[in-house]
Amino acid sequence: MTRSRSAETVQRLKQLLIESSPLIEGYTREVCPSCTDVCCKQRHGLSTETDRVYLAALGEPVPPHDPSRPLDGSCQFLTGAGCMKPRWQRAWKCTWYFCEPLLRALAEGPQKNARALSAILEEMGRLYGTMSPAKHLDTEGAD
């Protein structure tokens, strides 16, 4: 993958994350407030190497990890109104994880929205997979 192709991939992934956010939040607004076992754990908010590649390509800093927080405790970015970070800046696991109640809401809700979200998630997964650190390093000098 060339550097310009890599930049296009990163920008497209950012755009898809932005587009997916209102669709996902339509479901989380209904499901999450009544949840008794919050999924947003500190361990899920930790950036992977691929997350770091993505953020670096955007010129964004990797959010600092608070080592004093227990990994099974609530995420340092979780507020009473949800995540304080825009979806495109979150760790991949934060966008990709859907708990059982959220999956039920997708299945029982408007199928047009579920299909739109599914298509976006599919493309995001494909693009994210092309950004693994090994692939990024292999193509660093290519044009």
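The values are calculated or read from the model by the stated rules, or taken from the named source; none is laboratory data. Please read these numbers as outputs of a predicted model, since none were measured by experiment. Neighbour counts are summed over all protein chains in view; Cβ atoms, including those assigned to glycine, are modelled from backbone coordinates with ideal geometry.
So the values come out like this:
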| read-out | value |
| --- | --- |
| Residue check, A107 surrounded by 13 or more Cβ atoms within 10 Å (Cβ to Cβ) and modelled with pLDDT of 90 or more | no |
| Meets criteria (under 14 Å from the mean Cα position of the chain (by Cα) and among the hydrophobic types (A, V, I, L, M, F, W, C)) for C83 | yes |
| Test: residue in the stretch 44-64 that is touching a Cys at 6+ places or on another chain (Cβ under 8 Å) and either within 15 Å of C94 (Cβ to Cβ) or touching a residue at least 40 places away in the same chain (Cβ under 8 Å) (or both) | yes |
| Yes/no for A114 being among the hydrophobic types (A, V, I, L, M, F, W, C), loosely packed, with under 12 Cβ neighbours inside 10 Å and either on the phi < 0 side of the Ramachandran plot or assigned to a loop (DSSP other than H, G, I, E, B) (or both) | no |
| Residue within the stretch 21-39 that is under 11 Å from Q89 (Cα atoms), acidic (D, E) and out of contact with any Leu (no Cβ under 8 Å at 6 or more places or on another chain) present | no |
| Out of R5, R12, sole residue that is out of contact with any Phe, Trp or Tyr (no Cβ under 6 Å at 6 or more places or on another chain), assigned to a helix (DSSP H, G or I) and either among the polar types (S, T, N, Q) or at pLDDT below 90 (or both) | R5 |
